[in-house]
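Heads up, the thing below is written out as structure tokens.
Computed from the coordinates by the stated procedures, all read-outs in this text should not be read as laboratory data. Remember, predicted model here, so these are calculated numbers, not experimental data. Note: ideal-geometry Cβ built from the backbone for every residue, glycine included; neighbour counts use all protein chains shown.
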Ligand code: GLV
Ligand code: MN
Ligand code: MN
């Protein structure tokens, strides 16, 4: 099925202009002015394409291409358009705009699927604003109650309840959760965000499972004071304690025995943050992942023990909040077979792989059989401005997506 890659490429460029930072970097945080403008732009594209739109109270957007038997559970695709600080223009966007292009192509080819085909724009796959990733899909799958959602606060103390309403999303949050009877299948198209497809010179990655992410938020309370006048004995420097913890986070992943283990401290705030002042408080967030739940849980336990030991030895007050401890997911074997047969028919090269990044598909898998299609990332770059996937690679991914959706929607 031909897709209009020029239209799609132009749209990817256009969407990247809704950013809080200068190009080529993209920053688009949930409910920010840029996010709002990008959503308005996307709504126009959907309306231009003659597709119908529904939005829930969190801002998840459902776009529907109607099938001949709308009573059947739908086939869905989708991803996110929020972008972490100073990232690129493809993460999530390829799945949303590529999904839109797939729906438009199916319509333009005059194909009539039996089931509805939906495109879902998931709210805040990135954890940037509220510390919790996959907000939309997590809530759809019933992992977050309406009350828990409403009470989430950002770093400035704003609660989600007020922010979503200011952004125009006023529907009740208890209607965000979906039922397991809604969907027949979900397929997410995404850039790989790693080097494997490029290294092996392959067109398509067929994702068989998604790694299990966990996030810890740690606050350390030491004692501040004058950096010149306070001698070293007896200091309770919160940043030095944090530094010991950071080194052990790296080691926990290196020592786990699994090549898939990763652990990162990507966020640290130091108070009061002056060169001549001993750091009294540190807030840090730790991201810990593996494809095997037991290995990931083992790393989390080790890191928690290290935090306790370091803080006891250094007489530092500590709280550890587990923001999420998600399970990995296995992709649906029947969808994997469909993607594989479409990919083979088209003569595209491919391999099966695990997704080390998480995606909304991780939570959609709790609702229906789910799988993912990856396209290569140049140099494996992602979450940085240099993120790049060539139009010809995106085109292949969207073709495979469109034909997979059609095939699933005919079942
Ligand atoms: C998603 O962006 C992730 O951090 O895997
Ligand atoms: Mn991302
Ligand atoms: Mn993503």
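Say a paramagnetic label sat at a point 7 Å from the Cα of residue 21, along Cα to Cβ; which residues of segment 84-126 have their backbone N under 20 Å from it?
Within reach of a label on residue 21: 84-94, 124-126.
Compute the relative contact order of the chain as a whole-number percentage, counting only Cα pairs closer than 8 Å that sit 6 or more residues apart in sequence.
Once normalised by length, the contact order is 24 percent.
What FRET efficiency do you get for residue 201 and residue 386 if R0 is 25 Å and r is their Cβ-Cβ distance, rounded to the nearest 0.05?
Taking R0 as 25 Å, the efficiency between residue 201 and residue 386 is 0.80.
What angle, in degrees between 0 and 90 and rounded to the nearest 10, separates the Cα long axis of helix 238-254 from the longest principal axis of the Cα atoms of the chain?
That works out to roughly 50 degrees.
Pairing the Cα long axis of helix 391-409 with the longest principal axis of the chain, what angle in degrees results, from 0 to 90 and rounded to the nearest 10?
Helix 391-409 sits at roughly 70 degrees to that axis.
Please compute, for the alpha-carbon atoms of segment 212-325, the extent along each of the three principal axes and give them in descending order in Å.
49, 21, 20 Å, listed from the longest principal axis down.
Percent of alpha carbon pairs in the chain separated by more than 34 Å?
Here the tail beyond 34 Å accounts for 31 percent of pairs.
What share of all Cα pairs of segment 92-158, in percent, falls into each consecutive 10 Å distance bin?
Spelled out bin by bin, segment 92-158 gives 18, 36, 24, 16, 5 percent.
Return one number: the angle in degrees, 0 to 90 and rounded to the nearest 10, between the long axis of the Cα atoms of helix 5-16 and the longest principal axis of the Cα atoms of the chain.
30 degrees
Can you work out the PRE-style zone for residue 255? Point 7 Å along Cα to Cβ, and I want the residues of segment 302-333 with backbone N under 19 Å.
Within reach of a label on residue 255, which here means backbone N under 19 Å from a point 7 Å along Cα→Cβ, segment 302-333 contributes 302-314.
Give the distance, in whole Å, between the Cα centre of segment 324-342 and the Cα centre of segment 191-205.
17 Å
Calculate the spin-label point distance for residue 165 paired with residue 267, positioning each point 7 Å from the Cα along the beta-carbon direction, and give it in nanometres.
2.5 nm
How are the C-alpha pair distances of segment 46-103 spread across 5 Å bins, as whole percents from the shortest bin up?
4, 16, 22, 25, 18, 9, 3, 2, 1
Please check: in the Gaussian network model of the chain (C-alpha springs, under 10 Å), which one of 135, 111, 15 has the largest mean-square fluctuation.
Maximum among the listed residues: 111.
For residue 379, project a label point 7 Å along Cα to C-beta. Then give me every residue of segment 1-44 with its amide nitrogen under 19 Å of that point.
Correct set: 22-27.
Before rounding to the nearest 500, sum -39500 (n - 2.57) across all DSSP H runs of length at least 4 in the chain and divide by the residue total; then give [θ] at 222 nm in deg cm²/dmol.
Helix-only estimate at 222 nm: -10500 deg cm²/dmol.
What is the P(r) of segment 321-397, as percent of Cα-Cα pairs per 5 Å bin from 0?
3, 12, 19, 21, 19, 16, 7, 2, 1, 0
With the Cα gyration tensor of segment 1-78 giving a ≥ b ≥ c as the square roots of its eigenvalues, does the rule (a/c under 1.5 for rounded; else a/b larger than b/c for prolate; else oblate) give rounded, prolate or oblate?
Since a/c reaches 1.5 but b/c is at least a/b, the shape of segment 1-78 is classed as oblate.
With the calculation restricted to Cα positions, what are the radius of gyration and Dmax of segment 117-271 in angstrom?
Computed over the Cα atoms of segment 117-271, radius of gyration and Dmax are 21.2, 68 Å.
Once the Cβ-Cβ distance between residue 277 and residue 305 is put in as r, and R0 is 22 Å, what FRET efficiency do you end up with, to the nearest 0.05?
0.15
What FRET efficiency comes out for residue 180 versus residue 244 if R0 is 35 angstrom and r is the Cβ-Cβ distance? Round to the nearest 0.05.
My answer for the efficiency is 0.20.
On a C-alpha basis, how far is the centre of segment 72-135 from the centre of segment 225-271 in Å? Whole number, if you could?
Here the answer is 37 Å between Cα centres.
Quick one: if you stick a label point 7 Å off each Cα along the C-beta vector at residue 69 and residue 294, how many nm between them?
Here the modelled spin labels are 4.3 nm apart.
Normalised by the residues of segment 212-325, what does the relative contact order come to in percent, with Cα pairs under 8 Å and at least six apart?
Relative contact order, segment 212-325: 44 percent.
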